[in-house]
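The values are calculated or read from the model by the stated rules, or taken from the named source; none is laboratory data. Predicted model only: the values in this text are computed from it and were never measured. Note: ideal-geometry Cβ built from the backbone for every residue, glycine included; neighbour counts use all protein chains shown. Side chains are part of the model used for accessible areas, which takes the heavy atoms of the whole protein and leaves out ligands, DNA and RNA. Shrake-Rupley method; radii C 1.70, N 1.55, O 1.52, S 1.80 Å.
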Amino acid sequence: MSDFAGMEELLQDFLLEAGELLSQVDNKLVELEKRPGDRELLNDIFRGFHTIKGGAGFLNAENLVSLCHRTENLFDKLRNGELALSTGLMDVIMDATGVVRNMFAALSQATQPAAADPALIDSLEAALAGKSIERKGRAEAAPVPAAKPESVVESPKESTSAAEATIDDINWDVLHAVLTGAAMPQAADTRPEMVPEKAPESVFPAVAPVASHPQEVTLPVQDLPTPSRGQSASAAPQQSLQKETTIRIDTARLDQVLNLSGEIGLTKNRIANLKTQILHGKNDQETFKALDIAVSQLDLLVSDLQNAVMKTRMQPIGRLFQKYPRLARDLARQLGKDVELVLSGEETELDKTMIEDLNDPLVHLVRNAVDHGIESAEERALSHKTAKAIVTLSASQVGDHIYIEISDDGKGMRPDVIRAKAVEKGIIDAETANSMDDRQSLHLVFLPGFSTKDQISSVSGRGVGMDVVKTNISRLNGKIDVISVPGQGSTFTISLPLTLAILPVLVVRLNDQSFAIPLSMVREIIPIKQDEVQRVSGRATIVVRDEVLPIRSLARLIGWEAKQAPAFGVLMHAADTTFIMAVDGFVGRDDVVIKPLSDIKPKGIAGATLSGDGSIVLVLDMEALLENNTADTPMNLFARA
């Protein structure tokens, strides 16, 4: 049952505004570390906690109010010069903001947040009393085989591995009861002092007894990754279980939509009036000319309205970027590095749905830059580099595409080392590795299972991060590229369309059916002549500007029988492959709105749309289609010739 019955709308408004406010506070805290005496920053952070506290008070979230009140008092003393900001004090403040964010996560589940860790409260009280706060030690990103869960009670079986101890200590009856909704079995040894008074509905008891950390008794079912030892609660970004369904729009944009709607209404009335005149026999040239002008005006207004509506979905990408300075700061502290994340182009606008889907890839890339890209302080000194490393996250718009760059001034990547590691892990064979150029070698980092780390840590080593990045970017019809100079650093560049709501496509024909191909993959259209098709390694190929390219028949890709020999080829680049797709003909370029197919998902079909004449056009998912490796030979390609 919700703890906020009747207050759902107020709760959602609070979470939206307070979440943005806390992200701004996080960024200002990172800046405050560089300029501890900046009174303007101290005042801004003070007001941020004060505003969050006020909103939490309306919701009767007493634990959140209490924590914000103590932090607010701390900043009041800092800005009045009664306290001096130290590294240890900054660690306590960062921990407090992390707990506040965790409390927001509890509120998003419509449950009152549990009280903050007493140790954190004691640290805040000690700081308020003027006592010195010691700096935390650096948390090591220890390899998994050597890691021991802190929450496991010491037992005589010290030789038992961490994984074995955890599995042996699981209360399977309790876990099964929580997951299935059955009655909770009574434990033989209950520990009331270790159970929160009001636990969230989506938690289950910890799989191991807890020694000295009551806050670790419960874990969210959805939070499969576990923070590393010593890692602050905010080091990993908190993800809400549901995407935001609200959006902030400049009223000027809504006014534009309203004005265009009114003009369309007037033009519609004009067309209706002209239609009536024509039906009553007024068929003179002046009337038809007026009708033609009105229809042209309506077409222009509808296009303007479409663009105006699309702009209402556009949001500054800075709202996403503002999460990452804190992420980079916490990870750098954990790894013992001095790293500054520099942001630029925050005002660049992108479709809101794409901004949400970009979060995971950018988290991986920022963490990758700090962990893999930046050297240790000792290595930077030997390379005569500054002690502070710089990671830059920037965004810009070029035409109808957005470019996002993540660059670092670290050690860079060596293509020969990447090739050797890929061969060692069995991802590619030695023959393939020897045929690769440097650019292709760098792109090996995006393959599943690839990692340059020999040991798995809480930060990296599993070989899934960059694979996830490329997969998610591809889902957004985007591309990712990487360039690297050994000893100087690396740059990852993401290219994305402005919006996914409208997709530019090339419409082609096969067996009297229209298919749409994303225009971003199309390079050119060429005629296919039978005498120009050659057989190379059993495959049909054609030479385009001295480059031998394979021919893939659209009919074979989708499993249809061709009724005629292909007449045209579409030179495409998809799934890191350049090839010629053979089709019967083409209609031309179009901008379409993709509609998903209800209850069915044919392989290779991303959705459907309607053409100008009302016929159905299937939109192709080229990456799924290219999973079919069946070779086309000149014989079967022209079997119907």
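Of all the residues in segment 511-541, those that are farther than 26 Å from VAL619 by Cβ, among the hydrophobic types (A, V, I, L, M, F, W, C) and touching a helix residue (DSSP H, G or I) at 6+ places or on another chain (Cβ under 7 Å) number 1. Within segment 52-65, is even one residue touching a His at 6+ places or on another chain (Cβ under 8 Å) and within 19 Å of LEU21 (Cα to Cα)? So far as segment 52-65 goes, yes, one or more of its residues are touching a His at 6+ places or on another chain (Cβ under 8 Å) and within 19 Å of LEU21 (Cα to Cα). Taking each residue of segment 271-294 that is free of Cβ contacts under 8 Å to residues at least 60 places away in the same chain and looking for partners that are small (Gly, Ala, Ser) and surrounded by 13 or more Cβ atoms within 10 Å (Cβ to Cβ) with beta-carbon atoms closer than 8 Å, six or more apart or interchain, yields ILE271/ALA294; LEU274/ALA290; LEU274/ALA294. Would you confirm, using the coordinates I've provided, whether GLU33 is closer than 14 Å to ARG326 by Cα and either modelled with pLDDT under 90 or touching a strand residue (DSSP E or B) at 6+ places or on another chain (Cβ under 7 Å) (or both)? Considered against the rule, which asks whether it is closer than 14 Å to ARG326 by Cα and either modelled with pLDDT under 90 or touching a strand residue (DSSP E or B) at 6+ places or on another chain (Cβ under 7 Å) (or both), GLU33 comes out as yes.
Mind checking whether some residue in segment 326-338 is crowded, with 20+ Cβ neighbours inside 10 Å, part of a strand (DSSP E or B) and on the phi < 0 side of the Ramachandran plot? No, every residue in segment 326-338 fails to be crowded, with 20+ Cβ neighbours inside 10 Å, part of a strand (DSSP E or B) and on the phi < 0 side of the Ramachandran plot. Selection of segment 1-23 for residues being surrounded by 14 or more Cβ atoms within 10 Å (Cβ to Cβ) and touching a residue at least 40 places away in the same chain (Cβ under 8 Å) yields ASP3, PHE4, MET7, LEU11, GLN12, PHE14, LEU15, LEU16, ALA18, GLY19, LEU22, SER23.
When LEU341 is tested against (1) under 30 Å from MET314 (Cβ atoms); (2) at pLDDT below 90, just one condition goes unmet, and that condition is (2). Within segment 530-547, the set of residues being open to solvent by 20 Å² or more (accessible area, probe 1.4 Å), aliphatic (A, V, I, L, M) and either within 35 Å of the chain's Cα centre (by Cα) or over 13 Å from MET635 (Cα atoms) (or both) comprises VAL543 only.
So that you can scan it fast, the table gives a plain yes or no per residue for (1) under 27 Å from LEU358 (Cα atoms); (2) open to solvent by less than 50 Å² (accessible area, probe 1.4 Å); (3) not aromatic (Phe, Trp, Tyr):
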position: ASP400; (1), (2), (3): yes, no, yes
position: TYR403; (1), (2), (3): yes, no, no
position: LYS411; (1), (2), (3): yes, no, yes
position: ILE418; (1), (2), (3): yes, yes, yes
position: LYS425; (1), (2), (3): no, no, yes
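From the list PRO550, PRO527, PRO518, which residue is open to solvent by less than 20 Å² (accessible area, probe 1.4 Å), of a type outside the set (A, V, I, L, M) and in contact with a strand residue (DSSP E or B) (Cβ under 7 Å, 6 or more places away or on another chain)? Exactly one residue qualifies, and that residue is PRO518. Looking at segment 469-488, which of the residues that are part of a strand (DSSP E or B) and open to solvent by 10 Å² or more (accessible area, probe 1.4 Å) is farthest from ILE525 (Cα to Cα)? So the residue we want is VAL485. Report whether or not ALA574 is surrounded by 12 or more Cβ atoms within 10 Å (Cβ to Cβ), within 30 Å of PHE446 (Cα to Cα) and modelled with pLDDT of 90 or more. Taking the combined requirement at face value, the residue does not satisfy it.
Are any residues in segment 434-450 part of a helix (DSSP H, G or I) and open to solvent by 60 Å² or more (accessible area, probe 1.4 Å), and if so, which ones? Within segment 434-450, ASN434, ASP438, ARG439, GLN440 meet the criteria. When VAL99 is tested against (1) closer than 28 Å to TYR324 by Cβ; (2) over 27 Å from the mean Cα position of the chain (by Cα); (3) in contact (Cβ under 8 Å) with a residue 12 or more places away in the chain, exactly one condition is not met: (2).
If I ask for residues that are more than 22 Å from ASP299 (Cα to Cα) and in a loop (DSSP other than H, G, I, E, B), which ones from segment 594-617 would you list? Correct list: PRO596, LEU597, SER598, ASP599, ILE600, LYS601, PRO602, LYS603, GLY604.
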